[in-house]
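Here the structure comes first, spelled out in structure tokens, and everything after it is commentary.
Readers should treat all values here as calculations from the given coordinates under stated rules, not as data from a laboratory. All of these numbers come straight from a predicted model, not from anything done at the bench. Cβ sites come from the backbone with ideal geometry, for glycine too, and all protein chains shown count toward neighbours.
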Amino acid sequence: MVTHDLVLRSRRTVLPDGERPAAVAVRAGTISAVTAYDAVLPAAADRDLGDLALLPGLVDTHVHVNEPGRTAWEGFATATRAAAAGGVTTLVDMPLNALPPTTTVDALRIKRAAARDQVHVDVGFWGGAVPGNLPDLRALHDAGVYGFKCFMSDSGVPEFPPLDAAEMAAAFAAVAAFDGLMIVHAEDPAVLTEPASGAYPAFLASRPPSAERRAVERVIALAERTGVRAHVLHLSAADCLEPLAAARARGVRITAETCPHYLTLSAEDAVTPAFKCCPPIRDAANRDALWDGLAAGVISCVVTDHSPCTPDLKQGDFATAWGGVSSLQLGFAAVWTAARERGRTLADVTGWMSAAPAALAGLTRKGVIAAGNDADLVAFDPDAVRVVDPADLHHRNPVTAYAGRELAGRAAATWLRGVPVDDTPRGALLTRNGAP
């Protein structure tokens, strides 16, 4: 009698306790058993992955899809297809760059309607905290957003303005009242300046590490005062690690993420506006210190901050081009390439890019291979080497800072709830609380 729909076997299965041989059985979209590699498991389909590793589907909690309104930059169909090609089976969409931004329940409904029937992976949504929408935060929380993003400095789009000090304190207090999550773009506008020229060194100087540190110290103080759960987005300045570590030691509910481009690129690499992002990619010594922060657990997550635009907006120079790095399809391979050179394991990288982001957002059925979780799985070839050709990307606009770079690792197959991801969109729209 067939008891499982699918069994996947790998001698390199990445489980919560590390990498080992195992068989993973799937029934009705759920992992029904994790057993010995050679266990007898009656199933409709049984596949031995050979030399391929078996990973939990990656979870990327920092993605700008931009649909509706700026769908020419990136849409749900292209973003989620790119995600699956890179091993990402769940993403959480940021509340800005689409029109309208996700700052009201009505806007969330519009966003969900745009995504419906288009997504190849599972998709959840962040809400936004902007001036004037304090009364909307609880309603958005009840509607199932995973938390609230705010900016301390200019977001780059006029419809998503930053919060001033008083507005940010009020938002933190309001979200603390229902034990929600605040996620913060932390750069102090008082420290930021206009670049003196269009060259990368001038752009880098205009957004110094002190802008991040001062902002992070403000977030820590507010989180400590209000008790809110707070998360620092896309940390680029290693100067922030010391105050974050000290705050966590005091019991402040604060976490931080960084991104593949901060871990794998450096200021010395930044030769075209494809490398421009905010906060900026800093020097190699700073990059090494971020790796130390990951190893120490001060930084918990690695997510892409996939922030695409049309190619014309990446023309010009570092003073005028749109800021954002497109890497949704490439993030895991980029981090794995650098991680293995530093002696890190597939289990390390999977923890940073799957288990930790899932825990951040409260995606309790995602992030690890365990019985009862969604059967979101990736067959990964850790030794495959390729040179990145933008023409191979599923992103709507094939512009990436990784063009021409040699990366190790390739997602050979991706399953969403036990079904191979292909050209048919089968993803679900997720809510934090199961709200419709």
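Assorted remarks:
- Measuring nothing but how far apart in sequence close Cα pairs (under 8 Å, 6+ apart) lie, relative to its length, region 291-431 scores a relative contact order of 22 percent.
- Residues whose amide H falls under 5 Å from that of Ala428, counting only those 5 or more places apart or on a different chain, are Asp122, Val123, with hydrogens built in the peptide plane.
- Expressed in Å, the radius of gyration and Dmax of the Cα atoms of region 322-370 are 12.6, 41.
- Panel values: region 258-397, Kirkwood radius from alpha carbon pairs, Stokes-Einstein at 25 °C and 0.890 mPa s, translational diffusion coefficient 150 µm²/s.
- Set the Cα radius of gyration of the chain against 2.2 N^0.38 Å, with N its number of residues, and you get 0.93.
- Net charge over other residues, Cβ less than 9 angstrom from the Cβ of Asn373 (K, R count +1; D, E count -1): 0
- Take every Cα pair under 8 Å whose residues are at least 6 apart in sequence, average their separation, divide by the length of region 41-146, and the relative contact order is 26 percent.
- For the chain, the longest principal axis of the Cα atoms and the long axis of helix 209-226 meet at an angle of about 80 degrees.
- Derived scalar couplings ³J(HN,Hα) [region 46-63; Karplus, 6.51 cos²θ - 1.76 cosθ + 1.60; whole Hz; x for Gly, Pro]: 9, 10, 8, 7, x, 7, 7, 7, 10, 10, x, x, 6, 10, 10, 8, 9, 9
- For Leu393, no residue whose modelled amide H falls within less than 5 Å of its own remains once neighbours fewer than 5 places apart on the same chain are excluded.
- The order of the peptides 422-428, 288-294, 47-53 by mean Cβ neighbours within 10 Å, most packed first, is 288-294, 47-53, 422-428.
- Karplus-derived 3J(HN,Hα), 6.51/-1.76/1.60, for each residue of region 78-87, Hz, glycine and proline x: 6, 5, 6, 5, 5, 4, 4, 5, x, x
- Ranked by the mean number of other Cβ atoms within 10 Å per residue, highest first, peptides 207-217, 373-383 order as 373-383, 207-217.
- Gyration tensor verdict on region 125-221 (Cα atoms; rounded if a/c is under 1.5, prolate if a/b is larger than b/c, oblate otherwise): prolate
- Shown here: region 306-345, whose C-alpha atoms stretch 39, 19, 10 Å along the first, second and third principal axes, sorted largest to smallest.
- Residue-wise HN-Hα coupling along region 355-365, computed from phi with Karplus coefficients 6.51, -1.76, 1.60 (Hz; x: Gly, Pro): 5, 5, x, 4, 5, 4, 7, x, 8, 6, 9
- Long-range amide H partners of Asn373 with built H, under 5 Å: Ile31
- The chain: calculated mean residue ellipticity at 222 nm from DSSP helix runs of at least 4, using -39500 (n - 2.57): -7500 deg cm²/dmol
- Count Lys and Arg as plus one, Asp and Glu as minus one, and take only other residues whose Cβ is under 11 Å from that of Ala403; the net charge is then -1.
- Helix 331-341 vs. the chain, principal-axis angle (Cα, 0 to 90°, nearest 10): 80
- Cα-based helix-to-principal-axis angle, 105-115 vs the chain, degrees rounded to 10: 50
- Most to least packed among 386-394, 229-237 [average Cβ atoms within 10 Å]: 229-237, 386-394
- The relative contact order of the chain, computed from alpha carbon pairs under 8 Å that lie at least 6 residues apart in sequence, is 22 percent.
- About the Cα centre, charge dipole magnitude for the chain (Lys/Arg +1, Asp/Glu -1 at Cβ), debye: 760
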